[in-house]
Amino acid sequence: MLEPPFWTSLTLSLEVALTASFVLLLTGVPLAWWLAFRSFPGKALLEAIFLLPLVLPPTVLGFYILLFLGPEGPWRKLTGLSWAFSFEGLVFASVLFSLPFALTAYREAFLSLDRNLLEVARTLGVPRGKIWLKVVLPLTWPGLLSGTLLAFAHTLGEFGVVLMVGGSIPGKTQMVSIYLYDLVQALRFREAAEASAVLLLLSLGVLVAVRLLEARGRAWKSTTR
Amino acid sequence: MEVHYQIRRPVALEAHFHIRGFTVLLGESGVGKTTLLKALAGLVPAQGTPFPGLPPERRPVGYLPQDLALFPHMTAWENVAFPLRGPGRKEQALKLLERVGLREHAHKRPGQLSGGQKQRVALARALARKPELLLLDEPTSALDPLTKDQVVADLVDLIRQQGIPALAVSHDPALARMADWLLVMGRGRILQEGPPEEVLASPKEVEVARLLGYENLFPARVVPGGVAVGQVILTLPLPSWARMDEEVWLGVRAEEVIVVREDRPLPPENVLEGVLEGLHPEGLAFRGRFLGPVTLTLLLPRHVQERLRLHPGQRLRVALKPRYLHLMPSQAGEIA
């Protein structure tokens, strides 16, 4: 049977992933909108920087974040907050780590939106807030939600970044992937197998939800014209 | 309504023209028709009047883009009610749908409506904003070719009933014939404007003539009492601007090239002799090519072909009636 430390680490992972997804939704949606519809000098470079976490070794990313958040880092000096080896630090790292996933999905959702709909909505004298609520969100929410879910699943499974930024303090920063690693290190394979099965089912569930949402998004697109 | 707009991007153009009733702007693809329409809607930056400097939200225009851009997730009445506010918006939307004859389709989504019905929903939605001007981008393009003419005629009638001036851009000469006022646009400028019967009958430039379906266009030279096309002298009343020896363009519509009947007296002027090179059915008419002193495309109504029974390769005579011969100056802007 799975022991309480597993459930503690899983709860922590879920909390971090949920908080990070929420932050991604709030920051990533406006950012993706901006990247989808505006052009400005240096846009390609900026997009490359946002995508960097996709290709960078997670430990490298984690190392930089640790330096940034650490006792001598700029974040501490700027805000007085010490986020290394803390829940906030894990969330911060997760947001950066999963940003490319969320951003790409959000941008796709916005780019698939028929620009004519937005133009016509403007000529109808409707304020922008109402256009967002009544046109943009109803047509893009499947894409936005599936992007957020992907980022959630991605955060749930991250290892290198959170190990660098959070370490493995049981009950505080030990996320479920790290707990699993510790089990294997201690040669507790039966428990490791059970923990892995739970994570497998969780990930599968999220991906099924993402696929269903994508199908829903396509259904709207086919009726636009 | 008088329009005077200057646009730099995406197409550079300067346009000065009038909108009178249902106005059609005819032009080939790429000359900036849609850009001009979007500029009037405030969606493309432009300088000039009307609505100087106003953002789209504050312009009293109803804009119907080529694909109509109905909101796919809303029903017909929700689309129409979108610009409306307040508790009575559903009733208002239903009234507007009634005005365009779609009351019974109010609860359908755009995907369940035909092309013509979608167009009328888009019109009702535009009317909800109480526009002073309607803008239509290629209103004939999204329609089923079989029913297009009737659907467009109904739409134009409906727009006339609203009493709101409208500007429709198109490359479809069929729409031009339904207009109250016709504009012809070339690259970056308006070439000609006027009542459609005037513009269609007497294009001022060869580019206008080409757009309006003059298939036979020849460079010619003014001679006493007519023009010389190659070796042939054609008699016609010369317009006042025509100077002796001037280079001009001569235009003849394919359907106005007349095949001479051998059992009838010969027309007094402009009879040409040659060979019929090909003859192909085109709808209910027949399109052929006449090779003679000049090469002409001709379009025979079926009642003519049924009587004459022409066949490719045969010799025949055609007549060009002076009043169907249209002269245009060789350079634009020579007639003030």
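The values are calculated or read from the model by the stated rules, or taken from the named source; none is laboratory data. Just so we're clear, the structure is a prediction, and the values are computed from it rather than from any experiment. Because the Cβ atoms are built from the backbone with ideal geometry, glycine has one as well, and the counts that use them run over all protein chains shown. Quick note on the areas: whole protein, heavy atoms, side chains included, nothing else; ligands and nucleic acids left out. Shrake-Rupley method; radii C 1.70, N 1.55, O 1.52, S 1.80 Å.
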Taking the conditions exactly as written (within 14 Å of chain B (Cβ to nearest Cβ) and either in contact with a helix residue (DSSP H, G or I) (Cβ under 9 Å, 6 or more places away or on another chain) or part of a helix (DSSP H, G or I) (or both)), does A:Val136 satisfy them or not? yes
Matching option when the condition is in a helix (DSSP H, G or I), in contact (Cβ under 8 Å) with a residue 60 or more places away in the chain and open to solvent by 40 Å² or more (accessible area, probe 1.4 Å), among A:Leu66, A:Leu51, A:Leu78, A:Leu90: A:Leu66
Which members of the stretch B:159-175 meet the condition of being of a type in the set (A, V, I, L, M) and modelled with pLDDT of 85 or more? B:Ile159, B:Ile164, B:Ala166, B:Leu167, B:Ala168, B:Val169, B:Leu175
Positions within the stretch A:155-176 being touching an Asp or Glu at 6+ places or on another chain (Cβ under 8 Å) and surrounded by fewer than 20 Cβ atoms within 10 Å (Cβ to Cβ), in sequence order: A:Ser168
Might you let me know whether the stretch B:49-62 holds any residue that is surrounded by fewer than 18 Cβ atoms within 10 Å (Cβ to Cβ), touching a His at 6+ places or on another chain (Cβ under 6 Å) and at pLDDT below 90? yes
For A:Lys172, all conditions in the list (1) away from chain B (no Cβ under 14 Å); (2) part of a helix (DSSP H, G or I) hold save one; what is the number of the exception? (2)
If you check A:Val126 against the conditions, is it open to solvent by less than 20 Å² (accessible area, probe 1.4 Å), without any contact (Cβ under 8 Å) to a residue 60 or more places away in the chain and more than 23 Å from the chain's Cα centre (by Cα)? yes
Take the stretch B:155-165 and flag every residue that is surrounded by fewer than 16 Cβ atoms within 10 Å (Cβ to Cβ) and part of a helix (DSSP H, G or I). B:Asp157, B:Arg160, B:Gln161
Which of the strands (runs of 3 or more DSSP E) found entirely inside the stretch B:211-278 contain at least 1 residues meeting this: in contact with a helix residue (DSSP H, G or I) (Cβ under 7 Å, 6 or more places away or on another chain)? B:216-223, B:232-235, B:247-252
Could you give me the residue pairs with C-beta distances under 8 Å whose first residue belongs to the stretch B:185-207 and is farther than 24 Å from B:Ala12 by Cβ, whose second residue is of a type in the set (D, E, K, R) wherever it lies, and which are 6+ apart or on separate chains? B:Pro195/B:Asp180; B:Pro196/B:Arg177; B:Pro196/B:Asp180; B:Val199/B:Glu193; B:Leu200/B:Arg177
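Condition check ((1) surrounded by fewer than 18 Cβ atoms within 10 Å (Cβ to Cβ); (2) of a type in the set (Lys, Arg); (3) in contact (Cβ under 8 Å) with a residue 60 or more places away in the chain; (4) within 27 Å of B:Gly27 (Cα to Cα)) across all residues:
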site: B:Gly213; (1), (2), (3), (4): yes, no, no, yes
site: B:Gly225; (1), (2), (3), (4): yes, no, no, no
site: B:Met244; (1), (2), (3), (4): yes, no, no, no
site: B:Val248; (1), (2), (3), (4): no, no, yes, yes
site: B:Arg253; (1), (2), (3), (4): no, yes, yes, yes
site: B:Pro281; (1), (2), (3), (4): yes, no, no, no
site: B:Leu291; (1), (2), (3), (4): yes, no, no, no
site: B:His303; (1), (2), (3), (4): yes, no, no, no
Could you tell me which of the residues B:Pro145, B:Pro139 is within 30 Å of B:Gly283 (Cβ to Cβ) and either surrounded by fewer than 18 Cβ atoms within 10 Å (Cβ to Cβ) or within 12 Å of chain A (Cβ to nearest Cβ) (or both)? B:Pro145
Quick test of your reading of the structure: B:Asn270 fulfils all but one of (1) at negative phi; (2) buried (at least 19 other Cβ atoms within 10 Å of the Cβ). Name the failing condition by number. (1)
Scanning the stretch B:66-81 for residues that are surrounded by 24 or more Cβ atoms within 10 Å (Cβ to Cβ) and not aliphatic (A, V, I, L, M), the one farthest from the other protein chains (Cβ to nearest Cβ) turns out to be B:Trp77
So B:Leu36 clears everything in (1) within 24 Å of B:Ser141 (Cβ to Cβ); (2) assigned to a loop (DSSP other than H, G, I, E, B); (3) away from every other protein chain (no Cβ under 14 Å) except one condition, right? Which one? (2)
So, A:Leu61, is that one of a type in the set (A, V, I, L, M, F, W, C), open to solvent by 70 Å² or more (accessible area, probe 1.4 Å) and closer than 30 Å to A:Glu191 by Cβ or not? no
